[in-house]
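Input: a single structure, listed below in structure tokens.
The values are calculated or read from the model by the stated rules, or taken from the named source; none is laboratory data. The model shown is predicted, which means the values in this text are computed figures rather than measured ones. So basically every Cβ, Gly included, is an ideal-geometry build from the backbone, and we count neighbours across all protein chains shown. Heavy atoms of the whole protein, side chains included, go into the accessibility calculation; ligands, DNA and RNA do not. Shrake-Rupley method; radii C 1.70, N 1.55, O 1.52, S 1.80 Å.
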Amino acid sequence: MAARIFLAILFTVLSALSGSAQTLSVKPHFTVGDTFTVEISHVRSNSTRPESNAKARNLNQVRVVETGPTGSLLEWVEGPVDYDDPAQVGNPVVAGASKALDNLRLMVKLNARGEFTELQNEAVVSKQLLDVAEKVVKSVTAEAPADQRAGLEVVVRQMMQPAALLSSATRDIQMYFSLHGVEIEAAKPVETTVHLPNPISGTPIQAKLRIRLESANNLTVQTIFNASEVQAAMTELISKAAPGSPVPTVEVQDGGKYVYAPAPGLMQSVTYTRKVKAGPQIRTDEWQMTLVKSSNL
């Protein structure tokens, strides 16, 4: 009887141990020449400026150029952007930004864990973006009333400063690979520090990611920006664009859901939502990323 009781207890303990250690390691499994395609949709809505609402979609073709113990080099080519709203095509800022990114060739460096580190061709990409940005600034300000040109130029240049343009060009890539390198257990959420575009200015700032493994290959993430840095960016923007105007308090809600595909070590899907409230205005951005094709699947 004692032996049976002991075996029963041992079986219960071993069963509990085997069921409580579900761990997910998010890491790509690349070989040179691998290819994959990521479809990205971006939906934007603005509570006080519905004319700026838009939905855009494009296909991104990716090829593994190099891979090894220290990391990987990817060629990421952003395809032309399709807009649901034809009016957006005629918007000079939107059209300019789209032109800057259409078929842009980004040489993306990842570390051994699959985390984004930098663009290998950053200097070339920066020059392309700045050339287009300068044309956009001239186009926008030329059409504005004379008494509004100075303030408008400040706003547009703030949106298209070099750091913001480069950050925007790599935003989708950083979002897609943001959870790579994470090792997580179901009952143990993790927190990590990353650099992401400031929701107001677009320039990179420090943020914290709180990640939870919900089940199997499903993860959720909450992004927490430094509130004072976000508010400072709004204050600077208002002081230059409209000196003396009141500065609204900014609130940011940021988070998403990720589904991991173990075979290629890539995200099968990403749904990410950002809500920025500035006074009475609420702007919501939602990104949907889908792995539509992979040579490893």
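A few points about this structure:
- Total residues in segment 138-147 satisfying the condition of being of a type in the set (A, V, I, L, M), surrounded by fewer than 19 Cβ atoms within 10 Å (Cβ to Cβ) and part of a helix (DSSP H, G or I): the figure is 2.
- At least 3 residues being out of contact with any Ser or Thr (no Cβ under 7 Å at 6 or more places or on another chain) and open to solvent by less than 50 Å² (accessible area, probe 1.4 Å) is the threshold, and among the strands (runs of 3 or more DSSP E) wholly inside segment 22-82 those reaching it are 35-46, 54-68, 71-78.
- Residue within segment 232-245 that is without any contact (Cβ under 8 Å) to a residue 60 or more places away in the chain and farther than 26 Å from residue 148 by Cβ present: no
- Residues located in segment 259-297, provided they are open to solvent by less than 40 Å² (accessible area, probe 1.4 Å), over 20 Å from residue 59 (Cβ atoms) and either assigned to a strand (DSSP E or B) or in contact with a strand residue (DSSP E or B) (Cβ under 7 Å, 6 or more places away or on another chain) (or both): 260, 274, 276, 278, 284
- Taking segment 148-255 as the region of interest, the strands (runs of 3 or more DSSP E) fully inside it that hold 3 or more residues being modelled with pLDDT under 90 are 190-197, 204-215.
- Every listed requirement among (1) open to solvent by 50 Å² or more (accessible area, probe 1.4 Å); (2) of a type in the set (Asp, Glu); (3) touching a strand residue (DSSP E or B) at 6+ places or on another chain (Cβ under 9 Å) is met by residue 236 save one, (3).
- Remark: pairs (first residue in segment 126-149, more than 21 Å from residue 162 (Cα to Cα); second residue open to solvent by 70 Å² or more (accessible area, probe 1.4 Å) and part of a helix (DSSP H, G or I); Cβ separation under 8 Å; 6+ apart in sequence or on different chains) are absent.
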